[in-house]
Amino acid sequence: MYAFTRNESTALKNKFIRWFIKHYQVDMSLAQCEDPTAFRHFNDFFTRQLKSEARPLCSNPHGIACPVDGTISQIGQIKNHAVFQAKGRHFTLNELLAGQSAWVDKFVDGSFATLYLSPKDYHRIHMPLDGTLRQMTYIPGKLFSVNAATARAVPRLFARNERVACFFDTAVGPMAVILVGALFVGSMETIWHGVVTPPHGKSISHWYYNQRDQQGSGADAGHQHCVHLEKGAELGRFNMGSTVVLLFGPKATQWNDTLQHDSTIQMGIELATRS
C-alpha cells in the first residue's frame, strides 16, 4: 500500500484519485489545489492542504481547538489509569504510553478524547492550543483497523497499534497528542521530524526537546532543537486514515458538552475550554 499510494504513474494515480473522490464524496472545493490531476501521487492528494478559510479556528481565547476532521470515538474522563475504549473495553495509560511513568503520572484522573479519521477526512493534524514540545516517542505495534467495529471487538486496541506520542507543555499543563497507526497506515510524520515510520521499528525510541536534564538511551536520539507550535499550527499527518488520542491532566479542561460518542468533528471547532 505504501508503494501503491506513492506511484507516480499518471494514468494509475489519476484513475484512483478520481475513484476515491467519487466513492467518498470528497469536496475538492475546500482543497488549496482543486485539480485532482495536479497531485504527484495518491498520497500527495490524500494529505492535501485545505484553503485557510475552510477550517477557521474557534474564536474563544480559552477554547481548545479540535486537531483533526473526523468522528469522536470516545470522549470523557480518565478514571485513575483507565481510558474507555468501547462498552466493556478499556486500556490503561501505562499501556498506551508504553510504561513511561513520568508522563503516565501527569494524566492520571485527567481527560481524554479519541478522534477517528475515516478515509474521506482531511488528514493533517493541528495543535489544539499553543504548546512547547518536550518529547516524542515511537512505540512499535500492530496495525489493526481502528473503526468503530474493531474498537468494540479488539481488546486494548489503541494501546496495541503502532503509534507516535507527542508530549507538550501548555497553558493548561501537560498535553499528549498520540498518532495511532492502523490498517494501511504504514506512515506517520511530524512537521519537526519528518517521516517517523516507516521504517517500522521493533523497539521504543525517544526524542527529547529542550530538556538538558535528560539523556537518551538505547534507541533514543537524544536532545533536539526546541519546538514551539501555536494553536492551529500543523503538527503532522497520517498517510492513510487513523486515530488521534488526546490526553490532558486532571482539572485542565472541560469538554464541549454538545460533543459525544459518534459526533462529527472538524479541525478548528471548539473541542473543549480551559478549566
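The values are calculated or read from the model by the stated rules, or taken from the named source; none is laboratory data. Just so it is clear, the structure is predicted and the values come from calculations on it, not from any experiment. So basically every Cβ, Gly included, is an ideal-geometry build from the backbone, and we count neighbours across all protein chains shown.
So that you can scan it fast, the table gives a plain yes or no per residue for (1) closer than 30 Å to S205 by Cβ; (2) within 21 Å of the chain's Cα centre (by Cα); (3) not assigned by TED's automatic domain parsing to the domain that holds V154:
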{"site": "R6", "(1), (2), (3)": "yes, no, yes"}
{"site": "F20", "(1), (2), (3)": "no, no, yes"}
{"site": "H23", "(1), (2), (3)": "no, no, yes"}
{"site": "E34", "(1), (2), (3)": "no, no, yes"}
{"site": "N43", "(1), (2), (3)": "yes, yes, yes"}
{"site": "F46", "(1), (2), (3)": "yes, yes, yes"}
{"site": "I64", "(1), (2), (3)": "yes, yes, no"}
{"site": "S118", "(1), (2), (3)": "yes, yes, no"}
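Please determine, by comparing only the residues of the range 68-84 that are polar (S, T, N, Q) and touching a strand residue (DSSP E or B) at 6+ places or on another chain (Cβ under 6 Å), which one is surrounded by the fewest Cβ atoms within 10 Å (Cβ to Cβ). So the residue we want is Q77. Restricting to the range 1-31, give me the number of residues that are among the hydroxyl-bearing types (S, T, Y) and in a helix (DSSP H, G or I). Qualifying residue count for the region: 4. Checking F45, F20, F39 one by one, the residue that is in contact with a Pro (Cβ under 8 Å, 6 or more places away or on another chain), over 30 Å from R156 (Cβ atoms), surrounded by 19 or more Cβ atoms within 10 Å (Cβ to Cβ) and of a type in the set (A, V, I, L, M, F, W, C) is F45 and no other.
R6: in contact (Cβ under 8 Å) with a residue 40 or more places away in the chain and surrounded by 13 or more Cβ atoms within 10 Å (Cβ to Cβ), yes or no? The answer is no for R6.
Can you find a residue in the range 122-143 that is surrounded by fewer than 19 Cβ atoms within 10 Å (Cβ to Cβ), in contact (Cβ under 8 Å) with a residue 12 or more places away in the chain, within 25 Å of Q49 (Cα to Cα) and within 14 Å of the chain's Cα centre (by Cα)? So far as the range 122-143 goes, no, none of its residues is surrounded by fewer than 19 Cβ atoms within 10 Å (Cβ to Cβ), in contact (Cβ under 8 Å) with a residue 12 or more places away in the chain, within 25 Å of Q49 (Cα to Cα) and within 14 Å of the chain's Cα centre (by Cα). A search for C-beta distances below 6 Å between a residue of the range 89-108 that is crowded, with 16+ Cβ neighbours inside 10 Å and any residue that is among the β-branched types (V, I, T) and at pLDDT below 95, counting only pairs 6+ apart in sequence or on different chains, returns F91/V83; A98/I139; A98/I204. Where strands (runs of 3 or more DSSP E) sit wholly within the range 49-90, those with at least 2 residues that are within 19 Å of N161 (Cα to Cα) occupy 70-77, 82-86. For residues in the range 221-236 being buried (at least 16 other Cβ atoms within 10 Å of the Cβ) and in a loop (DSSP other than H, G, I, E, B), which is modelled with the lowest pLDDT? Taking the candidates together, the pick is V227.
Do the conditions hold for E34, that is, is it part of a helix (DSSP H, G or I) and either among the charged types (D, E, K, R) or buried (at least 18 other Cβ atoms within 10 Å of the Cβ) (or both)? Criteria not met by E34. One residue stands out in the range 144-187 among those that are among the aromatic types (F, W, Y) and within 15 Å of G236 (Cα to Cα): the one that is nearest to the chain's Cα centre (by Cα), namely F167. Anything in the range 48-67 that is among the small types (G, A, S) and either buried (at least 18 other Cβ atoms within 10 Å of the Cβ) or touching a strand residue (DSSP E or B) at 6+ places or on another chain (Cβ under 6 Å) (or both)? List them, or say none. Result: G63, A65.
Let's see how each residue does on (1) under 18 Å from L115 (Cβ atoms); (2) modelled with pLDDT under 80:
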{"site": "D130", "(1), (2)": "no, no"}
{"site": "Q135", "(1), (2)": "no, no"}
{"site": "A149", "(1), (2)": "yes, yes"}
{"site": "D169", "(1), (2)": "no, no"}
{"site": "H193", "(1), (2)": "no, no"}
{"site": "P198", "(1), (2)": "no, yes"}
{"site": "Q215", "(1), (2)": "no, yes"}
